[in-house]
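J.: Here it is, the structure, as C-alpha cells.
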Amino acid sequence: MLPLSQGIHVAMQEISIIQPDDWHIHLRDGAALQQTVADASRYFARAIVMPNLTPPVVNVSQALAYRQRILEQVPAGRQWNPLMTLYLTDNTSRQDILDAHHCDHVYAVKLYPAGATTNSDSGVTDWERLTAVFETMQELGTPLLLHGEVTDSTIDIFDREAEFIERRLQPLLQRFPALKVVLEHITTTEAADFVATAAGNVAATITAHHLLYNRNHMLAGGIRPHYYCLPILKRSRHQQALLSAATSGNPRFFLGTDSAPHARDAKQAACGCAGCYTAYAALELYAEAFAAAGALDKLEGFASRNGPAFYGLPTNDRMLRLQQSTWPAPHNLPLGNDAMVPLRAGETLQWHAELVS
Ligand code: NCD
Ligand code: ZN
C-alpha cells in the first residue's frame, strides 16, 4: 500500500500562444446571439460564421445584415471579427460568387449536401448545375467549405464521410484541381489521410470534441445525446488518427470548433438533433486534447497559424495564455429563452485560457 501523505507534486503547465481564430462556428440568430457571440468573442480574434440559418444566408446582402446583428451582440471592449460565409444552393449563381469576392466581409462559401445535417434542407442536390460556380470560385480563390458526408440513406452513417471523399471530393478536385477546399470537421482516418496527401489547396478543420471523444463516449452504457453531432463520432482508431493529424504540424489542419447550440429539449428528445456546444470553453478543450497527446507545442500552429495561412490572412498580434487549472463546466447556459447543455456540462475542465496582451 502507498503511504497516504507522500506530498505528490504535480507541476502545473502553462503556455502562451498567438491569439487563435475559430474557422467554423454556428452562432444562430435573434436572442441566441447574446450567448453565442459572447462565447465566440471571449478570446478568439475571428470566426468563420456558418450560414445555415432558417432561411439560409444565400447572398451578400443577407450576410451583411446577419453580420450586423452579430456585431450588435459583441460585449463592449472586445475586438472580434465575424467572417461571413454564403450557403450554396442549386440556385447559387456566378454573380453571387463575384459579389462575395468583392465584399470585404464574406470569406467563403459553404456546401451542405441537401439533408446531410442541421438546417441543410436548402443544400445542394445537383452538383452538375454548379459547374460555373465552382469554376468562378477556382478562378477567384474563394474557399469552398464542405460538409463532407453523402446523404444516400443506404450508406451506413459511420461510412458517410469516407464515401463522400470517393464519390464527391475526388471527382470535384479532378475537375477543379486548383479549387480551394476545406473539408470541415473531419472525423475519419480516410479524411485525415486524404487531406495530408492532397495538394496545398486542400485543408481540413478538426473539432475539439472529435479529438477528445469517440463513439463509445456517446453510446456505451447509455445514449448521451449531447455527444451527438454530425459527422457522428467514430471509433477510437479514427479519433487517434485525428489527434495525429492535428498534432502533426502539417499546416493543412486547423481549428474549427463546429460549436453548434441547440435547446436542451431539442437534443434530449426521442429524435434528438445534431450539434455540440463547445464555444464556452473551446481552447480549454483543445488544450486538454493536445496535452494528453504530449503535443502542447503543436497547439499554436493548429489554433493560430495554419488557418490564417490557408485563408491568406495575417496572424493575430495578441497573445493568449493557457494555464492548467480546474474549473467546473456549467450545467446549463442560456440560449435565448431556452437552456442548452454544453459539452462537458457539470464536469471538470482542466485548462483555463485568457488573453494577456
Ligand atoms: C451543425 C448545426 O447544428 O448547425 N450540427 C452538427 O452536428 N455539427 C451543422 C453541421 O455543422 O453539420
Ligand atoms: Zn458545422
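J.: Go through the stretch 259-292 residue by residue and tally those that are under 18 Å from His24 (Cβ atoms) and touching an Asp or Glu at 6+ places or on another chain (Cβ under 7 Å).
T.: Of the residues in the stretch 259-292, 3 are under 18 Å from His24 (Cβ atoms) and touching an Asp or Glu at 6+ places or on another chain (Cβ under 7 Å).
J.: Follow-up question, since we're still on this one. Is it true that Gly200 is away from ligand 2 (no atom under 16 Å from the Cβ), part of a loop (DSSP other than H, G, I, E, B) and without any contact (Cβ under 8 Å) to a residue 12 or more places away in the chain? Even if it seems obvious, please write down each step before you answer.
T.: Numbers: away from ligand 2 (no atom under 16 Å from the Cβ): yes; part of a loop (DSSP other than H, G, I, E, B): yes; without any contact (Cβ under 8 Å) to a residue 12 or more places away in the chain: no.
So Gly200 fails the test.
J.: Now, a different point. Can you pull out every residue in the stretch 276-309 that is in contact with a Phe, Trp or Tyr (Cβ under 8 Å, 6 or more places away or on another chain) and part of a loop (DSSP other than H, G, I, E, B)?
T.: Matches in the stretch 276-309: Cys276 only.
J.: Still on this structure, please answer the following. If you check Leu320, Leu243, which single one turns out to be outside any loop (DSSP other than H, G, I, E, B), within 26 Å of Gln19 (Cβ to Cβ), in contact with a Pro (Cβ under 7 Å, 6 or more places away or on another chain) and more than 16 Å from ligand 1 (Cβ to nearest atom)?
T.: Working: Leu243 fails: in contact with a Pro (Cβ under 7 Å, 6 or more places away or on another chain).
From the options Leu320, Leu243, the qualifying one is Leu320.
J.: A follow-up question, please. Of all the residues that make up the stretch 18-61, how many are crowded, with 23+ Cβ neighbours inside 10 Å, under 19 Å from Cys103 (Cα atoms) and of a type outside the set (A, V, I, L, M, F, W, C)?
T.: Of the residues in the stretch 18-61, 2 are crowded, with 23+ Cβ neighbours inside 10 Å, under 19 Å from Cys103 (Cα atoms) and of a type outside the set (A, V, I, L, M, F, W, C).
J.: Okay, next question. Of all residues in the stretch 299-318 being of a type in the set (A, V, I, L, M, F, W, C) and closer than 21 Å to Asp104 by Cα, which is least open to solvent (accessible area, probe 1.4 Å)?
T.: Phe310
J.: Continuing with this model, one more query. Taking the stretch 95-111 as the search range and keeping residues that are closer than 19 Å to Leu130 by Cα and part of a helix (DSSP H, G or I), which one is farthest from the chain's Cα centre (by Cα)?
T.: Checking each candidate, the answer is Gln95.
J.: Test Thr187 against the criterion of being of a type in the set (S, T, N, Q), within 21 Å of the chain's Cα centre (by Cα), within 16 Å of ligand 2 (Cβ to nearest atom) and not in a loop (DSSP other than H, G, I, E, B), and give yes or no. Step through it out loud before you land on a result.
T.: Details: of a type in the set (S, T, N, Q): yes; within 21 Å of the chain's Cα centre (by Cα): yes; within 16 Å of ligand 2 (Cβ to nearest atom): yes; not in a loop (DSSP other than H, G, I, E, B): no.
When the stated conditions are applied, Thr187 does not pass them.
J.: What do you reckon, is Pro334 more than 18 Å from Gln19 (Cα to Cα), of a type outside the set (Asp, Glu) and open to solvent by less than 60 Å² (accessible area, probe 1.4 Å)? Steps first, please.
T.: Working: more than 18 Å from Gln19 (Cα to Cα): yes; of a type outside the set (Asp, Glu): yes; open to solvent by less than 60 Å² (accessible area, probe 1.4 Å): no.
No; evaluated as a whole, the condition is false for this residue.
J.: Residues to consider are Leu64, Leu98, Leu2; find the one that is more than 16 Å from ligand 1 (Cβ to nearest atom) and modelled with pLDDT under 95. Let's see the steps before the verdict.
T.: Values: Leu64 fails: modelled with pLDDT under 95; Leu98 fails: modelled with pLDDT under 95.
That would be Leu2, the only listed residue that is more than 16 Å from ligand 1 (Cβ to nearest atom) and modelled with pLDDT under 95.
J.: Right, something else. List pairs: first in the stretch 270-295 and of a type in the set (Asp, Glu), second part of a helix (DSSP H, G or I), Cβ under 7 Å, 6+ apart or cross-chain?
T.: Pairs that qualify, where the first residue is of a type in the set (Asp, Glu) and the partner is part of a helix (DSSP H, G or I), are Glu288/Leu212.
The values are calculated or read from the model by the stated rules, or taken from the named source; none is laboratory data. Computed from a predicted model, the values in this text were never measured in an experiment. With ideal geometry, Cβ positions are generated from the backbone for all residues, glycine too; neighbour counts draw on all protein chains shown. For accessibility, only protein heavy atoms count, side chains too; no ligands or nucleic acids. Shrake-Rupley method; radii C 1.70, N 1.55, O 1.52, S 1.80 Å.
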